[in-house]
Every structure is written in C-alpha cells, then in structure tokens.
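Student: Dumping the structure here so I can ask a few things about it.
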Amino acid sequence: MDELRSIVTDAGHFMPKKHRTILLNLFDLEKITVDDVMTAHTQVEVIDFDAPIDDILQRISNSHHTRLPAREGESEEIIGIIHVRKVINQLRSYQQDAEISKETLRDIISEPYFVPSGTPLYTQIQQFQENQERIALVVDEYGEFKGLVTLEDILEEVIGDFTTQSPSRVGSYRKETDGSWLVDGSSALRDLNKKLNLNFPLDGPRTLNGLILEHFEDIPEPSTSFRINNHTIEIMQTQDRIVKSVKIFP
C-alpha cells in the first residue's frame, strides 16, 4: 500500500491534482474510522416518538434531512429510521379529514442499522453495499448511541463536498471580515484541517471542543485567547460545559 501511495504521490504532472487526491484518500479508508466522520449523537436531529403526533409530523416536515432517527421510552432507545419522503407522501395520500396516527408512522419506520465504533471506512462502505443501507447508527461496546454516519459522509471523505450544506449542518464555519473563521465547537478536526487548510493534531480528540477541553482541562471563559499548533483561537461562546463557538485566526 505504501508503494502504491508513493507512485500516486510521485505522479505529479502526469495525473490531475483532483484525481491524485481522490486516490490518496482511498488509501486512507483503512485508517479512518466511522468515528472520524460521523455526526456526534449530541448534534443528531432525532424525532421523539413520545411527543404528540402533530409535533412529530411538524418536525419531520420542517427537517432538512432525508432520514431521521426516532427514539422512544425513558431510555430514549433508537427504534428506527424515519424516511422523510415516505412520511410526506403518506400525508399527501390522506384525505383532508383523515389524520395520520403513530401506528401508521411506526409501520413505515425502517429498522435501525447499528455499526460498532471503530469500524474502518473501507469496511463500512462495503457493509453499506451488502446491506443496501445508506445510514448507520454508531454504538460503543455497551450499545450506547455515539453518532450517525452516512454513505455520503464516506464519499465526501474521498472526493470532497458534493452537496449543498443544509442550514443545520453540524460543524459549520464562516469567514469573518477580519480574516478569521467563526467555527462551531462541534466541528471535526479532520474537516477543519482539510477545508480550512489548518494543522490541528488528530491523534487525540476528534472535535474542536474536545481539543480545547483537553488543552485547558476545564471550560475556558468567553474572550479567552490561546494558541494550538500556531493557530490563535478565541473563545466566543460556551454553554452547558461545552464550547459552542470560537474564532480561529489561521
């Protein structure tokens, strides 16, 4: 594998840069795991099946996602995946004086597809194909829900972004007039390094929030400035013992 990587790297002018990048990213699929590209469970939009049916249908109709996990009960167990398009089509097929029930909704919820934390992306993309799935729920050794990974997440790891981000996309960032980037604390370090050309360490925490908490061993106050790997970071907002947003000065 290292020899193939060297051949691709040395291809230089004989191969378009985009093609070379895709091939190099493919070689990394055995090293990168679902944990590196998943959306953390705290940032996943989940439908509470214990809520009133009108609230559930409104959440589904207003969602920017095509599939949504559904949870139920005091343990908040994930009971399945809601296909938004199927629900909307079901609503359209109902007469105006008819009401869709939770039982009807439950009938069109697909079984949840769980995968273990630490699964390499190369393995996961094969499992998606074999199981004819596009979305998986990542769980730890105790069966606790850690996050959500999609086929799109893996494809974007190989070829880069190819869809328009929804307004609720996790890990968003915005260029400021002073040249800095306003970044969500939930942003994955891998994404920041690739998309903003930064060089945060990847051998520890996976998110910017985790990196900051490791650095301070506590929640820093807003307006606190510090440096990591030659990047100046300013804390903008904290909430509920997490860093919500920061400014990064490349």
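The values are calculated or read from the model by the stated rules, or taken from the named source; none is laboratory data. On a predicted model such as this, the values are computed, not experimentally measured, just so you know. Note that we place each Cβ from the backbone using ideal geometry, even for glycine, and neighbour counts take in every protein chain shown.
Student: Would you call N193 free of Cβ contacts under 8 Å to residues at least 60 places away in the same chain and assigned to a loop (DSSP other than H, G, I, E, B)?
Tutor: no
Student: Turning to a different aspect of this structure: So, of the residues in the stretch 143-161 that are of a type in the set (V, I, T) and not in a helix (DSSP H, G or I), which turns out to be surrounded by the most Cβ atoms within 10 Å (Cβ to Cβ)?
Tutor: For the stretch 143-161, the residue satisfying everything is V149.
Student: Among the residues in the stretch 36-43, are any assigned to a loop (DSSP other than H, G, I, E, B), within 30 Å of E141 (Cβ to Cβ), in contact (Cβ under 8 Å) with a residue 24 or more places away in the chain and within 20 Å of the chain's Cα centre (by Cα)?
Tutor: yes
Student: If R241 passes every condition in (1) buried (at least 16 other Cβ atoms within 10 Å of the Cβ); (2) at positive phi but one, which one does it miss?
Tutor: (1)
Student: Give the number of residues within the stretch 44-71 that are touching a residue at least 40 places away in the same chain (Cβ under 8 Å) and in contact with a helix residue (DSSP H, G or I) (Cβ under 6 Å, 6 or more places away or on another chain).
Tutor: Matching residues across the stretch 44-71 total 1.
Student: I would also like to ask the following. Return the residue satisfying two criteria in turn: it lies in the stretch 124-142 and is in a helix (DSSP H, G or I) and either assigned by TED's automatic domain parsing to the domain that holds R71 or touching a residue at least 40 places away in the same chain (Cβ under 8 Å) (or both), and of such residues it is surrounded by the fewest Cβ atoms within 10 Å (Cβ to Cβ).
Tutor: I125
Student: Could I ask something else about it? Is there any pair linking a residue in the stretch 198-213 that is in contact (Cβ under 8 Å) with a residue 12 or more places away in the chain to one that is among the polar types (S, T, N, Q) and surrounded by fewer than 18 Cβ atoms within 10 Å (Cβ to Cβ), with Cβ under 8 Å and at least six apart or on different chains, and which?
Tutor: Pairs found: L198/N229; N199/N193; N199/N229; N199/N230; F200/N193; F200/N229; P201/N229; L202/N193.
Student: Just to verify a result, which residue in the stretch 44-97, among those that are assigned to a loop (DSSP other than H, G, I, E, B) and within 18 Å of E144 (Cα to Cα), is nearest to the chain's Cα centre (by Cα)?
Tutor: The selected residue is V44.
Student: Now a separate question. Just wondering, is there one or more residues in the stretch 7-27 that are at pLDDT 85 or above, of a type outside the set (F, W, Y) and under 27 Å from A188 (Cβ atoms)? Working first, answer last.
Tutor: To start, the set of residues in the stretch 7-27 that are at pLDDT 85 or above comprises none.
Within the stretch 7-27, none of the residues are at pLDDT 85 or above, of a type outside the set (F, W, Y) and under 27 Å from A188 (Cβ atoms).
Student: Additional query: Would you please name the residue that is farthest from the chain's Cα centre (by Cα), looking only at residues in the stretch 163-179 that are at pLDDT 55 or above and either crowded, with 19+ Cβ neighbours inside 10 Å or outside any loop (DSSP other than H, G, I, E, B) (or both)?
Tutor: K175
Student: Quick one: which of E221, E234 is modelled with pLDDT of 95 or more and acidic (D, E)?
Tutor: Exactly one residue qualifies, and that residue is E234.
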